[in-house]
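Undergrad: Once you've had a glance at the structure underneath, I'll fire off some questions.
The values are calculated or read from the model by the stated rules, or taken from the named source; none is laboratory data. Worth saying up front: this structure is predicted, and the values here are computed from it rather than measured. Cβ atoms come from the backbone with ideal geometry, glycine included; neighbour counts cover every protein chain shown. Note: accessible area is taken over every heavy atom of the protein model, side chains too, but ligands, DNA and RNA are not part of it. Shrake-Rupley method; radii C 1.70, N 1.55, O 1.52, S 1.80 Å.
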Amino acid sequence: MASNAAVPFWRAAGMTYITYSNLCANMVRNCLKEPHRSEALSREKVHFSVSKWVDGKPQKPILLSPRTLSNEAKPAQIVKAEKPPTPQCIRNALAAAGCTR
Amino acid sequence: MFRHATTRLLGRSLRRRPFSSDVPAAQVADEAFVQAWRNTVPNLEPPKTPLSFMQTRPPTPSTIPSKLKVNFVLPYNSELWNKEVDMVIVPATTGQMGILPGHVATIAELQPGLLSVHEENSVKKYFVSGGFAFVHGNSIADIIAIEAVPIDQLDASAVQKGLAEFTQKLSSATTDLERAEAQIGVNVHSALNSALAG
């Protein structure tokens, strides 16, 4: 039997299932005891290595982590650092790093 | 003279000698694809597709088996694989759901909660953050979770702190999204709390 509600509350607020389930997983990870907690959090770390190509040669790569991405994208209002970057954040950070298409 | 002719003919047609290239795995490959390949490149063997590497699910037995086979996987690990257990209880969005051998085929969305695996006399408890459980008719259950941890790895004080933090956030939330996020936090931490309580 499905629940009577048409959509869950998080769906009504505009979240996708991916956002919701990642949020839940992150909260569980934050409630772990210490050796397991840092292990679980480091497992989820993501970073991007970006290098600009000039004359067919890659320049020195710069390392972008989700933290720097969200900071560079929105210097005025820093959103939560644990949040994964949105495509718009990545695009903004790439533009700030001087990578144009 | 022709007394044995029919048996010989029949016997020959029935017993087909396999070619060396006729590996059994090739027989489960997509027939349409293999046919199309043979039409296009007749002198090259068709490549093996994922289908030919996959094992077919065993058929549903006529009598209910005594054990349930469980595959419990996470994105980075498989906690249980082809493990024969007596029962699993999963936290479905519609309530706790016990899965025994011979359970009717079902798909259930999981919510943050306690998942327990009952095997003989021992019970193993995990906390899952969410995911899906697929129960097949042949007493096989696939459980997929985003994050699952044994219950003894949870920190009770962090749970209490998180619960207080998100309850406070819920009352001060202004937008719909913030409110939903705080509500999720309250739900997850209450589930963690009740899982730790018993």
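Undergrad: Using only Cα atoms, tell me the angle between helix B:156-172 and the longest principal axis of chain B; keep it within 0 to 90° and round to the nearest 10.
TA: That works out to roughly 70 degrees.
Undergrad: Please give the charge dipole size of region B:56-193, origin at the Cα centre, charges +1 on K and R Cβ atoms and -1 on D and E Cβ atoms. Round to the nearest 20 debye.
TA: Taking the Cα centre of region B:56-193 as origin, the dipole is about 240 debye.
Undergrad: Arrange the peptides B:66-77, A:18-29, B:48-59 so that the one whose residues have, on average, the most other Cβ atoms within 10 Å appears first.
TA: Going by the mean number of other Cβ atoms within 10 Å, highest first, we get A:18-29, B:66-77, B:48-59.
Undergrad: For A:His36, A:His47, give the ranking by accessible area with the largest first, probe 1.4 Å.
TA: A:His47, A:His36
Undergrad: Using the Karplus equation 6.51 cos²θ - 1.76 cosθ + 1.60 (θ = phi - 60°), what ³J(HN,Hα) coupling, rounded to whole Hz, does each residue of region B:112-120 give in order, writing x for Gly and Pro?
TA: With the stated coefficients, region B:112-120 comes to x, x, 8, 10, 10, 10, 9, 9, 6 Hz.
Undergrad: Pick from B:Ala108, B:Ala173, B:Ala141: which residue has the top mean-square fluctuation in a GNM of chain B where Cα pairs under 10 Å get a spring?
TA: B:Ala173
Undergrad: Also: Shielding by partners for B:181-187, please: the mean number of other protein chain Cβ atoms within 10 Å of each residue's Cβ.
TA: Other-chain Cβ atoms within 10 Å of each residue's Cβ, averaged: 4.
Undergrad: With solvent modelled as a 1.4 Å probe, how much accessible area in total do chains B and A shield from it at their shared surface, in Å² to the nearest 100?
TA: For chain B against chain A, roughly 2400 Å² becomes buried.
Undergrad: What aspartates and glutamates does B:Lys67 reach when the alpha-carbon gap must be under 14 Å and sequence neighbours fewer than 8 apart in one chain are set aside?
TA: B:Glu84, B:Asp86, B:Glu119, B:Glu120
Undergrad: Under 5 Å between amide hydrogens, which residues at least 5 positions from B:Glu119 or on another chain qualify, with H placed 1.01 Å from N in the peptide plane?
TA: It is B:Asp86, B:Lys124, by chain and number.
Undergrad: Grab the eigenvalues of the alpha-carbon gyration tensor for chain B, scale each by 5, take roots, and send me the semi-axes largest first in whole angstrom.
TA: Working from the Cα gyration tensor, I get semi-axes of 52, 22, 13 Å.
Undergrad: With a 1.4 Å probe and all protein chains left in place, how much accessible area per residue does chain B have, in Å²?
TA: Heavy-atom accessible area per residue stands at 63 Å².
Undergrad: Give me the aspartates and glutamates in straight-line cross-link reach of A:Lys52: C-alpha distance below 18 Å, same-chain residues under 8 apart excluded.
TA: A:Glu72
Undergrad: Along region B:186-198, what does the Karplus equation 6.51 cos²θ - 1.76 cosθ + 1.60 (θ = phi - 60°) give for ³J(HN,Hα), rounded to whole Hz, x for Gly and Pro?
TA: 5, 4, 4, 6, 5, 4, 4, 4, 6, 5, 6, 5, x
Undergrad: Given H placed on each backbone N at 1.01 Å, which residues far from A:Ser65 in sequence or on other chains put an amide H within less than 5 Å of it?
TA: Amide H neighbours of A:Ser65, under 5 Å, 5+ apart: A:Phe48.
Undergrad: Can I ask one more? What pairs in A:Lys45/B:Lys124; B:Lys83/B:Lys124; A:Lys33/B:Lys124; B:Lys69/B:Lys125 have C-alpha atoms more than 24 Å from each other?
TA: With Cα atoms farther than 24 Å apart: A:Lys45/B:Lys124.
Undergrad: Next question, about the same structure. Report the residue, chosen from B:Leu163, B:Leu44, B:Leu115, that carries the largest GNM mean-square fluctuation when chain B is represented by alpha-carbon nodes joined by springs under 10 Å.
TA: B:Leu44
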